[in-house]
């Protein structure tokens, strides 16, 4: 057990995979006052999302959730067939019923070790601007992906309704996020939380570079420097690691799919402390 409460984070639980379920069931705080950030991709099925977040909220003092692309998928196997904004708003209402904080709630302030910091859960999508060299438009980028045979399932399962496109929805979320971040007291550092990385650099290590177009937007590239930021937490890439950009620590905190975590094994501490942040040299 920890002597003091910690601010912890994890993402990409993917409980739809049977082998991930006992891992998630084993997640417990080291201190009764621990907070947990869940940075998206809990599951595709609304019932699984609700059950998992309910379990975590029963164990952790405070749980903060941001959506990933998998929560936003509308699949034929889900009893909830809502799409786009309606699906997201439905998940937000479920979280409010559970007492789980979302990007639509007031940003909470962590006053434990490493604090005070304001936790800013964000919902910023992607707009196909993380493109490979020589590709200049969304259309060219998608064509390159189809030619390479590397196309994100979002193209078939993630619906932007009522927006005409995912990038249009992303633009709206960028504007709303910037507005709320600008309203924060700059004397209290922020912990920015988003499922997709807020900067392009982490995607440079992807095995398939063309996949980066589904991983973020260049519109958020300066948020960690424009706003007083203590750390950035994200997932989506399934490449858990610590990096530093412009002096700001970035943490990718995913569990990922069994085929990914099995070869490397699981760390002793699957829940990563956000503060203080230790970065390998």
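Laboratory data are not the source of any read-out in this text; all were calculated from the coordinates shown. Keep in mind it's a predicted model, so treat the numbers as computed, not measured. All Cβ positions, even for glycine, are placed from backbone atoms using ideal geometry, and neighbour counts span all protein chains on display.
Of note:
- For the stretch 38-84 and the stretch 125-151, distance of Cα centres in Å: 28 Å
- Highest to lowest packing among 77-90, 241-254, scored as the average C-beta count within 10 Å: 241-254, 77-90
- Fewest neighbouring Cβ atoms within 10 Å first, the residues 257, 234 line up as 257, 234.
- Sorted largest first, the spans of the alpha carbon positions of the chain along the three principal axes are 54, 42, 38 Å.
- Prolate/oblate/rounded call for the stretch 81-230, Cα gyration tensor, a/c under 1.5 rounded: oblate
- The percentage of C-alpha pairs in the stretch 10-85 whose separation is greater than 18 Å is 38%.
- Here 232, 218 are placed in order of increasing Cβ neighbour count within 10 Å, fewest first, which gives 218, 232.
- With a simple spin-label model that places each label point 7 Å from the Cα along the Cα-to-Cβ direction, the separation between residue 96 and residue 205 comes to 3.9 nm.
- Where Rh is the Kirkwood radius over Cα pairs, Rg/Rh for the stretch 156-265: 0.99
- Across every direction, the projection of the convex hull enclosing the Cα atoms of the stretch 57-164 has a mean area of 10.1 nm².
- Full extension of the chain between residue 179 and residue 264 yields a length gain of 26.6 nm, computed as 0.36 nm times the residue separation minus the alpha carbon distance.
- Going by neighbour counts of Cβ atoms within 10 Å, the residues 10, 23 line up, fewest first, as 23, 10.
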